[in-house]
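S.K.: If you scroll down you'll find the structure; I have some questions about it.
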Amino acid sequence: MISLQKMKSNTILKTLLLSSFIVTTANAFFTDYTLPKITGVKSVVDRNSIGFEWKSVAKYANVGGINIYRAEAKKGAKQIYVKIDAIVNRFATHYVDRKVKPNTKYFYTFTTFSGLSESMYGDIVPAKSMPPYKAVKLVEASLVDRGVVKLLWVPSSEPTVTEYVIQRKKQGDRRWYYLDTVKGRLYPEFVDMTATRGIKYDYRVFARDANELASIASNVMSVEVK
């Protein structure tokens with residue numbers, strides 16, 4: 001039989017191991033002024049991502065990797081930096097933040113880390129993501145048969161657009177409902193076979209790319225179904 005004392009010792013050991021794991025996966029506890037700062041940061045922006053490049057710190061053998069911090073710009077408020085990622089590789093010189101909103105300004109800064117310590121903050125890098133795709137123009141919404149509505153729009157000029165999302169709502173309602181998806185940037189029409197007679201509907205269209213990044217909503221057109 002395992003003695004009570006041994007059971008207690010095993011429990012304590014497991015607790016210490018768990019505590020060690022939590023500590024090592026959390027943010028650094030100490031600032032080490034001897035660790036190199038990340039400098040010379042350059043950025044390139046897209047609608048839903050921002051990429052970065054910085055000067056290598058590979059020559060510092062004690063560096064374990066790089067922390068990435070981000071703050072969303074807010075007027076009249078102090079920017080709050082949140083750690084969004086860590087690269088456990090001192091040889092890395094690039095990073096892409098794929099969790100940004102279109103047409104939004106952010107501030108970034110980077111640190112190097114070693115164990116439970118990290119460097120002082122490096123360059124503060126402002127970056128603003130590109131605006132969303134422009135709205136497509138809905139040019140026709142007409143009743144072509146009993147309970148059948150046809151929509152026509154001007155195709156998007158953006159070569160990365162791959163499809164269109166059609167939304168519909170009863171006129172006067174606040175909430176829009178997904179109706180269908182039309183594949184192909186150059187395809188300019190949709191026929192709604194599910195409209196109910198006696199109801200007036202509003203329609204709108206979004207262009208969307210392969211990453212499901214949508215454009216601004218099109219203009220709204222209304223049809224009374226007879």
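The values are calculated or read from the model by the stated rules, or taken from the named source; none is laboratory data. Everything numeric here is computed off the predicted structure, so don't read it as measured data. Note that each Cβ is placed from the backbone with ideal geometry, even for glycine, and that neighbours are counted across all protein chains shown.
S.K.: Out of everything in segment 181-198 that is in contact with an Asp or Glu (Cβ under 8 Å, 6 or more places away or on another chain) and assigned to a loop (DSSP other than H, G, I, E, B), what residue ends up being surrounded by the fewest Cβ atoms within 10 Å (Cβ to Cβ)?
M.R.: Of everything passing the filter in segment 181-198, Gly184 is surrounded by the fewest Cβ atoms within 10 Å (Cβ to Cβ).
S.K.: Of everything in segment 57-75, what is surrounded by 13 or more Cβ atoms within 10 Å (Cβ to Cβ) and under 12 Å from Thr112 (Cα atoms)? Give them in sequence order. Break it down stepwise before answering.
M.R.: The first filter runs over segment 57-75 and keeps only residues surrounded by 13 or more Cβ atoms within 10 Å (Cβ to Cβ), leaving 57, 60, 62-73.
Result: Val57, Tyr60, Asn62, Val63, Gly64, Gly65, Ile66, Asn67, Ile68, Tyr69.
S.K.: Identify, please: which residue in segment 92-116 is among the β-branched types (Val, Ile, Thr) and either outside the structural domain of Ile50 (by TED's automatic domain parsing) or not in a strand (DSSP E or B) (or both) and is, among those, surrounded by the most Cβ atoms within 10 Å (Cβ to Cβ)?
M.R.: Per the criteria, the residue is Val100.
S.K.: Let me ask you something else. Evaluate the following for Phe52: is it loosely packed, with under 14 Cβ neighbours inside 10 Å and over 21 Å from Thr31 (Cβ atoms)?
M.R.: When the stated conditions are applied, Phe52 does not pass them.
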